[in-house]
Amino acid sequence: MTDESGKVLDHRAVGALWDENAEAWTTLTRLGYDKYRDHINTPAFMKMLPDVSGLRGLDVGCGEGHNTRLVAQRGARLTAIDIARHFVDYAQAREDQEPYGITYLHASAVELPFDDASFAFVMATMSMMDVPDQDRAIHEVARVLQPGGFFQFSILHPCFMTPRFKWVLDEAGQRVALECGDYFRTEQGTIEEWIFGSAPDELKERFAKFRIPRFFHTLSTWLNMLTAAGLAIEECAEPYASDESIAIYPSLAATRVIACFLHLRCRKPSR
Ligand SMILES: C[S@@+](CC[C@H](N)C(=O)[O-])C[C@H]1O[C@@H](n2cnc3c(N)ncnc32)[C@H](O)[C@@H]1O
């Protein structure tokens, strides 16, 4: 994939795009405007997460560290990496103010700077679909996992959040269905431009829209990449908003029309 100037979007170019997003993303998520994360994905991820107390874990694509801190609060000893240096700086600054014992590093999912079998678990929240070479990243995850260790991650749902999709609205403007296509157009990525819809206009105007690279695979490719790396699928979830969340944020009702997110936990076999 290339950007508008024809430059190939390898993992470092992806990191440069995320560096540009980091200030706005950190500000807006810390103010609570990532409703999908806070009301759907993170609660579902934490519910599915096995007991990690005392375990050495790795967070891949940690961003500003919100979910890393939540998992550290469950007693895990965490290392967290991100390809965007600015995100690592924001996460480290929070760690300096409020220590959770997390080690943050600027590094890439496709070349993890760790020895084989270094971690009892690896987590990745909404980051794996942003990595240009997911196959290589999944092999890296499997390499750094100890035998018997697990990999739990969340992504945009590959079957519905396809390269081409459009919400179908009813007369009241509610999202009631989804048109989606280009499901098999997987070799191409795309740069999506958006900003958190729930943020107030003055904040949306203060920041440029995020420019977010996404690389697509079909569901079967995702599952086959995991099994080819020697990982066995253990649990899956397709989380959506609760009645309580929809009562507060009605737009989250769209997450019940189709599955927007896919969460998977896989395990590396014991020796
Ligand atoms: C949508 S954000 C999610 C951040 C965080 N995990 C969360 O749930 O709030 C995706 C993150 O993946 C990171 N990322 C993308 N490609 C990466 C790579 N090759 N290696 C490490 N991190 C990467 C981005 O820099 C960004 O911080």
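Every read-out reported here was derived from the displayed coordinates using simple, explicitly stated rules and does not represent laboratory data. Computed from a prediction, not measured in an experiment: that's the story for all the values here. Heads up, the Cβs are rebuilt from the backbone with ideal geometry, glycines too, and the neighbour counts pull from every protein chain shown.
How much net charge surrounds Arg69 when only other residues with a Cβ under 12 Å from its Cβ are counted (Lys, Arg +1; Asp, Glu -1)? Provide the component values of the computation, followed by the final result.
Values: positive: Arg30, Arg74, Arg94; negative: Asp59, Glu64, Glu95, Glu98.
Taking every Cβ under 12 Å from that of Arg69, the sum is -1.
Taking a 22 Å limit on the Cα-Cα distance, which of the listed pairs Lys35/Lys204; Lys47/Lys209; Lys47/Lys166 fall beyond it? Write out the running numbers ahead of the final one.
Numbers: Lys35/Lys204 15 Å; Lys47/Lys209 31 Å; Lys47/Lys166 30 Å.
Over 22 Å apart, Cα to Cα: Lys47/Lys209; Lys47/Lys166.
Per residue of region 191-208, what does 6.51 cos²θ - 1.76 cosθ + 1.60 with θ = phi - 60° give for ³J(HN,Hα)? Whole Hz please, x for Gly and Pro, Karplus curve as stated.
9, 8, 10, 6, 9, 4, x, 7, 5, x, 4, 5, 6, 4, 6, 5, 10, 6
Output ³J(HN,Hα) for region 121-128: one whole-Hz value per residue in order, computed from phi by the Karplus curve 6.51 cos²θ - 1.76 cosθ + 1.60 with θ = phi - 60°, and x for Gly and Pro.
Going residue by residue, I get 8, 10, 10, 8, 9, 6, 10, 5 Hz, with x marking Gly and Pro.
Sort Asp59, Asp10, Asp243 so that the residue with the fewest other Cβ atoms within 10 Å of its own Cβ comes first and the one with the most comes last. Please report the intermediate quantities before stating the final value.
Working: Asp59 27, Asp10 13, Asp243 8.
Ranked by crowding around the Cβ, least crowded first: Asp243, Asp10, Asp59.
Using the Karplus curve 6.51 cos²θ - 1.76 cosθ + 1.60 with θ = phi - 60°, what ³J(HN,Hα) values do you get for each residue of region 169-182, in whole Hz, with x for Gly and Pro?
Karplus values, whole Hz, x for Gly and Pro: 9, 8, 4, 8, x, 7, 6, 10, 7, 9, 9, 9, x, 6.
Describe numerically, in nm with one decimal, the distance between label points set 7 Å from Cα along Cα→Cβ at Glu202 and at Met46.
In this crude spin-label approximation the distance works out to 3.0 nm.
Can you give the local net charge around Arg175? Use residues other than it whose beta-carbon is closer than 12 angstrom to its beta-carbon, Lys and Arg +1, Asp and Glu -1.
On the way: positive: Lys166, Arg256; negative: Asp170, Glu179.
The answer is 0.
Listed highest first by mean packing, meaning other Cβ atoms within 10 Å per residue, what order do 39-51, 128-140 come in?
Details: 39-51: 17.4, 128-140: 21.1.
So the order, starting with the most tightly packed, is 128-140, 39-51.
Can you list the aspartates and glutamates whose alpha carbon sits under 15 Å from that of Lys268, skipping same-chain ones fewer than 8 residues off?
Asp116, Glu140, Glu234, Glu235
Just to be sure I understand the curve: with the Debye formula and one point per C-alpha of region 1-144, what is log10 I(q)/I(0) at q = 0.17 Å⁻¹?
Values returned for q = 0.17 Å⁻¹ are -0.97.
Charges on Cβ only, +1 for Lys and Arg, -1 for Asp and Glu, centred on the Cα centroid of the chain; of Gly54, Pro239, Tyr100, which one is farthest towards the dipole's positive end?
Gly54
Report the net charge of residues surrounding Gly148, where surrounding means a beta-carbon distance below 9 angstrom and charges are Lys +1, Arg +1, Asp -1, Glu -1. Display every interim value, and only then the final one.
Details: positive: Arg267, Lys268, Arg271; negative: none.
That sum, taken over residues with Cβ under 9 Å, equals +3.
Treating only the Cβ of Lys, Arg, Asp and Glu as charged (+1, +1, -1, -1), what charge dipole size does region 68-163 show about its Cα centre? Round to the nearest 20 debye.
On the way: 7 positive and 12 negative charges, 61 e Å.
With only Lys, Arg, Asp and Glu charged at Cβ, the dipole is about 300 debye.
If each residue of separation counts as 0.36 nm, what is the full-extension length gain between Ser242 and Ala93 once their alpha-carbon separation is subtracted?
Working: separation 149, 0.36 × 149 = 53.64 nm, distance 3.31 nm.
Gain on stretching Ser242 to Ala93: 50.3 nm.
Which part of region 233-248 falls in the paramagnetic zone of Cys159, meaning amide N under 18 Å from the point 7 Å along Cα-to-beta-carbon?
Inside the label zone: 233-241.
Give the shape of the chain as rounded, prolate or oblate, defined through the alpha-carbon gyration tensor: a ≥ b ≥ c are the square roots of its eigenvalues, a/c under 1.5 means rounded, and otherwise the shape is prolate if a/b is larger than b/c and oblate if not.
rounded
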